[in-house]
Amino acid sequence: MTNTEARSATFDNRPQPRTPQEWLDRASEVAAILAVDAVARDKAAATPYAEVQLLKDSGLVTLLAPAEHGGGGQNWVTAYQVIREVAKADGSIGQLLGYHYLWAWAARLVGTPAQIAAVEEAAAKHRWFFGGAVNPRDNDLVITDNGDTIVYNGRKSFSTGSKVSDVTVLEGVLQGTETHIFAIVPSDQPGIVFGDDWDNIGQRLTESGSVEIRDVHVDWASAAGFENKVFQPRVYNTINVPAIQLVFVNFYLGIAKGALETAATYTREHSRSWLYSAYERAVDEPHVIDTYGDLASKLWAVEALADQVAVEAQAIHDDPDALTERRRGEHEVRVAAVKARATEVALEVTNRIFEVTGARATASSQGLDRFWRNVRTHTLHDPVAYKRAEVGVYVLRDEIPAPTWYS
């Protein structure tokens, strides 16, 4: 039995958190459990069944679900902070939780009122863990209309959450049209075949490998946002990209925060001052103090910006029908700005900690490299230069980005 499996029972018979601070405290408990054997789990790269069960047992998976269905009833401001806290201990699990929140919100983004109510009630009751097979760089899944049902077929090269998920969000294009259709389906079925081929240098426990979709049937009634086979569009349908980009921001910052805290502990407890310096302790060396001060200042600044943009995002979620194209575009620019800064600072922090921990800190047993590997892997998701360009075009020409799969 792993540490994670043993500690899941910690939450048995405990009341569910009720306030944002209580939820953050719960996330800190989860992070502490994950941190104990994070290095060993990263090396093993085993499917994180126990870690996802921990997220369920702790209640974190239902954080955004309505209280009337037994969920946490919290908002995205708290959700982003929870992602950051979990990612501090394990970037992979932070990513999984963040993607889960976005895909669990998919019904809200594009569903009808009846679909939203049905999905959220079932998700809270059964503590579903959500995955998604929606990689826009691949060909779209092909959807055929079979009368009362639609049928998905195709392949996606990435499917974060894959076989640790209870349900998977599918997206494809109705054959012969340009109509995109989202649907939530059970993950454990013959028509969904996971490739088990995720073998990247970082985020090793995210189960982000390929997936084959073979004749997966969905009732038209479950096609998200459709009534009588006709989609009911809103500007709010397009807020999924800014929402998940903020997920990225917060687990990048969580990983960076974990790196800085882990490195500082190492420096205090193990690092040696340079033999030609006038200092007995590494923590007294000016260049060490300066580096930690520099990195902490940059990280705190980006965290403050991320928190502010999360508040701006929540105002949109609080009144989705009021969202205009202009406001949506201006919000995306703010998200692009914080995404660019979070990427740069997280990469810098996770790289430069070695300058102030010393050569012995590169031992594989310490696992300090996992922080950089995790950030480097996921920050390649979409080029950060295009995020800076969105900001620059807005500042210079007052133009907002058009909604795409990446903006």
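The values are calculated or read from the model by the stated rules, or taken from the named source; none is laboratory data. Just so we're clear, the structure is a prediction, and the values are computed from it rather than from any experiment. Here the Cβ positions follow ideal geometry from the backbone for every residue, glycine too, while neighbour counts run over all protein chains shown. In case anyone asks, the SASA skips ligands and DNA or RNA and just uses the protein heavy atoms, side chains included. Shrake-Rupley method; radii C 1.70, N 1.55, O 1.52, S 1.80 Å.
State which residue is nearest to A310 (Cα to Cα) when the search covers only the range 346-376 and only residues that are of a type in the set (A, V, I, L, M) and within 18 Å of the chain's Cα centre (by Cα).
We begin by selecting, within the range 346-376, every residue of a type in the set (A, V, I, L, M); these are 346-347, 349, 353, 356, 359, 361, 363, 368, 375.
After this cut, where a residue has to be within 18 Å of the chain's Cα centre (by Cα) as well, the list is 346-347, 375.
Working: A346: 18, L347: 22, V375: 21 Å.
My answer is A346.
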message: If I filter the range 221-233 for residues that are over 23 Å from the mean Cα position of the chain (by Cα), part of a helix (DSSP H, G or I) and of a type in the set (S, T, Y), do I get at least one hit?
response: yes
- request: Just give me the residues in the range 202-217 being assigned to a strand (DSSP E or B) and either open to solvent by less than 10 Å² (accessible area, probe 1.4 Å) or farther than 19 Å from V134 by Cα (or both), in sequence order.
  value: V211, I213, V216
- prompt: Pairs, please: C-beta under 6 Å, at least 6 apart or cross-chain, first residue under 16 Å from G147 (Cβ atoms) and in the range 219-232, second open to solvent by less than 60 Å² (accessible area, probe 1.4 Å) and part of a strand (DSSP E or B)?
  reply: D219/T149; S222/A183; A223/I181; A223/A183
message: Conditions first: (1) open to solvent by less than 60 Å² (accessible area, probe 1.4 Å); (2) in contact with a Gly (Cβ under 8 Å, 6 or more places away or on another chain); (3) more than 15 Å from L260 (Cα to Cα). V375 passes all but one, so which condition is the exception?
response: (3)
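Using the structure shown, decide if L246 is more than 24 Å from V119 (Cβ to Cβ), surrounded by 22 or more Cβ atoms within 10 Å (Cβ to Cβ) and not polar (S, T, N, Q).
Working: more than 24 Å from V119 (Cβ to Cβ): no; surrounded by 22 or more Cβ atoms within 10 Å (Cβ to Cβ): yes; not polar (S, T, N, Q): yes.
So L246 fails the test.
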query: Among S58, S28, which is the only one that is of a type in the set (S, T, Y), modelled with pLDDT of 95 or more and surrounded by 24 or more Cβ atoms within 10 Å (Cβ to Cβ)?
result: S58
